Amino acid sequence: MKHNKHNHSTPDAAPQLVPVHFEFGHPTASTVCIAGTFNQWQPETKFLHSSGAGNWWQDLALAPGTYEYCLIVDGQWMPDPMAPETVSNPFGGRNSVLQVAISPAVAHRAAAATLPLKNDNKTKSNKL
């Protein structure tokens with residue numbers, strides 16, 4: 001049997017990274033960082049960028065999954081006010097929860113599953 005030098009089997013592929021955009025508004029902040037399970041709670045690795053007038057942002061690429069994080073505003077740890085979900089942390093505060101879906105369609109379906117159903121059909125009363 002002859003062996004081919006080029007092995008066509010692929011090693012386990014790394015998980016596909018999903019772009020995630022963070023935004024935060026604070027009119028007097030001079031530094032804003034983000035720390036969470038995605039960067040081993042090291043705020044100095046993820047500074048948010050200032051776009052002026054107290055607006056801050058950061059784009060990350062994360063593997064699908066669930067993450068906890070906090071914003072660090074001028075040294076003060078706080079949950080993200082834009083996060084739809086928070087959980088208690090061991091320090092008596094709250095951590096924001098981020099769900100990163102495999103695709104935008106999956107994220108849309110997950111978000112839609114929590115919305116109340118809307119019925120636009122109006123029932124007509126039958127008068128006898």
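The values are calculated or read from the model by the stated rules, or taken from the named source; none is laboratory data. Predicted model, so just to flag it, every value in this text is computed and none were measured. All Cβ positions, glycine included, derive from the backbone under ideal geometry; neighbour counts span all protein chains shown.
Annotations
- One residue alone among 78, 82 is within 30 Å of residue 28 (Cα to Cα), surrounded by 10 or more Cβ atoms within 10 Å (Cβ to Cβ) and modelled with pLDDT under 95, and that residue is 82.
- Those residues of segment 78-98 which are over 18 Å from residue 57 (Cα atoms) and not charged (D, E, K, R), in sequence order: 86, 87, 88, 89, 90, 91, 92, 93, 95
- Scanning segment 93-105 for residues that are in a loop (DSSP other than H, G, I, E, B) and modelled with pLDDT of 95 or more gives a single hit, 93.
- Qualifying residues in segment 7-34 (those that are small (Gly, Ala, Ser) and modelled with pLDDT under 90) - the one surrounded by the fewest Cβ atoms within 10 Å (Cβ to Cβ): 9
- With respect to the conditions (1) under 16 Å from residue 82 (Cα atoms); (2) surrounded by fewer than 18 Cβ atoms within 10 Å (Cβ to Cβ), residue 62 lacks only one, and its number is (1).
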